[in-house]
Amino acid sequence: MATTASAAPVESDLDRSVAEDEPRGNEPEEDGGNGQAGPTTGAQQHRLAKLPLSRIKTLMKADPDVSLASQESVFIIAKATELFVEMIAKDALVYAQQGKRKTLQRKDLDNAIEAIDEFAFLEGTLD
């Protein structure tokens, strides 16, 4: 029985170490801290997007194949655009730094487009 009693505190120590790794209530949550799970509301999406959603929606509706654009689809397109611009800018920054510059120039974008296969669809579009 002595082994059972000594094993119990060890298990509780493990439980405590696992519990310490879990997020606590004072940290921000991804769902905006409202305690609701599921899709975010329009106001929350607007705060998460850096690009103006109304302009994104206008651009989407300029396509003759698009008749309606849901709020969620506009948000996703805005976030994808932000991530794309961030990625190409970071890759172009490498070329600017090689030229010992802090400002991106068109030739930096051209070099990034030529060097990275993911940007192959952009080749020839900046001419």
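Derivation of every value follows stated rules applied to the coordinates shown; laboratory data play no part. Every value quoted in this text rests on a predicted model; they were computed, and no experiment measured them. All Cβ positions, glycine included, derive from the backbone under ideal geometry; neighbour counts span all protein chains shown.
At an R0 of 41 angstrom, the distance between the Cβ atoms of Lys100 and Ala120 translates into a FRET efficiency of 0.90.
Ordering 69-78, 90-99 by mean Cβ neighbour count within 10 Å, with the highest value first, yields 69-78, 90-99. Summing charges over neighbours of Lys79, with a neighbour being any other residue whose Cβ is under 11 Å away from its Cβ, gives -2 when K and R count +1 and D and E count -1.
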